[in-house]
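Written below as structure tokens is the structure these notes are about.
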Amino acid sequence: MPHTDPDARRVLAIVTNYGVEQDELVVPVKHLREQGAQVSVAAVSDDGIRTLVGDRDPGTTVRPDLTLADVDPAAYDLLLIPGGTLNADALRLEEATIRIVSSFAASGRPVAAICHGPWALVEGGYVRGKTLTSYASLRTDILNAGGTWVDQAVVRDDSTGWPLITSRTPDDLKDFLREIDTVLTKG
């Protein structure tokens, strides 16, 4: 369960080293750190993370704190899965991603995924029985995996034993971050 002391909250963001949507990684990490959370960014390798804007324009480069293979999921209170089509498509194929998502879902800890980020949940079989949102192109994938897809700025589903927060695009970051803050402080 999440810590209620803001300084003790630990958040893990997982990405690949290329193609994550810049604002879906940078904005939540900055916001959570400003709120006192300890945020670790894990990538496939320890090379810089080359973000994109709108899936095509170069964004900022972010240094990962650790690799996906080195993550101890039990050390974190919330999992953040940013989108970006290229990032999310490659991320869901990483064995470590499914291991990390599985750890959070099995232990009842929250997962927050935005845009194409829910592909990792689809890949791991974790949307069955959940209501969520995403970038519109994931609708069919979510439905085929047993989830319910809705077109809303943010959706929080606490069913099936663990909280899932989802949003559609960077335009929804304000609502997405509000729900993340709520989950982290209520723990």
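The values are calculated or read from the model by the stated rules, or taken from the named source; none is laboratory data. A quick note: this is a predicted structure, and the numbers were derived from the prediction, not measured. With ligands, DNA and RNA removed, areas are computed over all heavy atoms of the protein, side chains included. Shrake-Rupley method; radii C 1.70, N 1.55, O 1.52, S 1.80 Å.
Values for this structure:
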| read-out | value |
| --- | --- |
| 25 °C / 0.890 mPa s Stokes-Einstein diffusion coefficient of the chain, Kirkwood radius on C-alpha pairs, µm²/s | 156 µm²/s |
| Hull-based mean projected area of region 54-164, where the convex hull spans the alpha carbons, in square nanometres | 7.0 nm² |
| Under-5 Å amide H pairs with Tyr18, H placed in peptide plane, nonlocal only | Arg50 |
| Accessible area per residue in Å² at 1.4 Å probe, computed on the chain | 42 Å² |
| 5 angstrom amide H check on Trp162, placed H, neighbours 5+ away | none |
| Estimated [θ] at 222 nm from DSSP helical runs (n ≥ 4, -39500 (n - 2.57)) normalised by residues in the chain, nearest 500 | -9000 deg cm²/dmol |
| Added length on full extension, which subtracts the Cα-Cα distance from 0.36 nm per residue, Asp47 to Thr148 | 32.7 nm |
| Karplus 3J(HN,Hα) series, Hz, for region 22-39 with 6.51 cos²θ - 1.76 cosθ + 1.60 (x for Gly, Pro) | 3, 5, 6, 9, 5, 5, x, 4, 4, 4, 5, 5, 5, 7, x, 6, 8, 10 |
| Global form of region 1-100, assessed from the alpha-carbon gyration tensor, a/c cut-off 1.5 | oblate |
| 3J(HN,Hα) from dihedral phi, region 107-114, Karplus parametrisation 6.51/-1.76/1.60, rounded to Hz, x for glycine, proline | 9, x, 8, x, 10, 10, 10, 10 |
| Karplus 3J(HN,Hα) series, Hz, for region 123-129 with 6.51 cos²θ - 1.76 cosθ + 1.60 (x for Gly, Pro) | 4, x, x, 9, 9, 4, x |
| Antiparallel bridge percentage (DSSP; both residues within region 1-120; nearest 5) | 20 percent |
